[in-house]
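K.L.:
My questions all concern the structure below.
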Amino acid sequence: MTGNTSRVRSVPRRESFDKQAAEWLRGAIIDGHYVPGQRLTEASLAQDAQVSRSTMRTALLHLAAEGLVVQEAYSGWKVTELTAVDAREVYTLRCALDGLAAQLAAQRMTPAGADYLRERLDTLLDAARERISTRQLAEADMAFHSCIVDLADNRRLRDHYNRVTGAVLLYVHATNVRASTETIVDEHTAIFEALRQGDPVAARRLAEDHVMAHGAALEAELAGSQHPH
């Protein structure tokens, strides 16, 4: 048997297929291809993603654990509907995780870590000042906060943070809530300075205040849209 085998790759492990399918579906939901409340079927999703139904079923279970989809008896799956109550729950959890991450990162801060975080901060501040899309700004914001989680150097904290990230981005992208440029610059710069100075108390307080303020704005936006005057 002859032929060009340079393009042949080893078959990925089953976990790799499952992970890729979950990443594909997560991105499709966050980007709005599948909208909150939309019903989903394993068969149609598997066809769209070009994977088996069993692989897509596993991906759906992963996203259910992240709060992006829900499984309903006798009616299959649907994208999680956005509510003010759920937003409060998501951001209360994120507040706890971000606060702990900031505290731990401040305690472990090094000059190299501060430089690493400074790069993410500069990217975020540039994004805020350039008035790019809310979606792009949210991704720059998440990169900054995710960097703090990295610097906290706690694997279990990272695991829990990953589970809430998708829900946070879904809310931000779907509601288009955006703080002022001045607020974004001031709050994130203050968090960075507390971390750079190795002040765990201030870092935690500032991170928690920042997250809860954004969560309150999202909650108010959703409450207004669900109960219009």
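The values are calculated or read from the model by the stated rules, or taken from the named source; none is laboratory data. Here the structure is a predicted model, which is why all the values come from computation and not from measurement. Here the Cβ positions follow ideal geometry from the backbone for every residue, glycine too, while neighbour counts run over all protein chains shown.
K.L.:
On the basis of being under 30 Å from residue 198 (Cβ atoms), of a type in the set (Phe, Trp, Tyr) and in contact (Cβ under 8 Å) with a residue 24 or more places away in the chain, does residue 91 make the cut?
P.N.:
When the stated conditions are applied, residue 91 passes them.
K.L.:
May I pose another question? Any chance you could count how many residues in region 35-54 are in contact (Cβ under 8 Å) with a residue 40 or more places away in the chain and surrounded by 16 or more Cβ atoms within 10 Å (Cβ to Cβ)?
P.N.:
Adding up the residues that qualify gives 1.
K.L.:
Something else now. Would you be able to say whether some residue in region 189-198 is crowded, with 18+ Cβ neighbours inside 10 Å and of a type in the set (S, T, N, Q)?
P.N.:
Checking region 189-198: not a single residue is crowded, with 18+ Cβ neighbours inside 10 Å and of a type in the set (S, T, N, Q).
K.L.:
Out of the residues in region 129-181 that are over 13 Å from the mean Cα position of the chain (by Cα), assigned to a helix (DSSP H, G or I) and farther than 26 Å from residue 223 by Cβ, state the one that is modelled with the lowest pLDDT.
P.N.:
Only one residue tops the list, namely 129.
K.L.:
Sticking with this one: Taking region 77-113 only, how many residues are farther than 27 Å from residue 37 by Cα and of a type in the set (D, E, K, R)?
P.N.:
Total meeting the criteria: 2.
K.L.:
Now for a different question. Of the residues 74, 116, only one is in the same structural domain as residue 206 (by the TED database) and either more than 21 Å from residue 33 (Cβ to Cβ) or surrounded by fewer than 21 Cβ atoms within 10 Å (Cβ to Cβ) (or both); which?
P.N.:
Selected residue: 116, the only one of 74, 116 that is in the same structural domain as residue 206 (by the TED database) and either more than 21 Å from residue 33 (Cβ to Cβ) or surrounded by fewer than 21 Cβ atoms within 10 Å (Cβ to Cβ) (or both).
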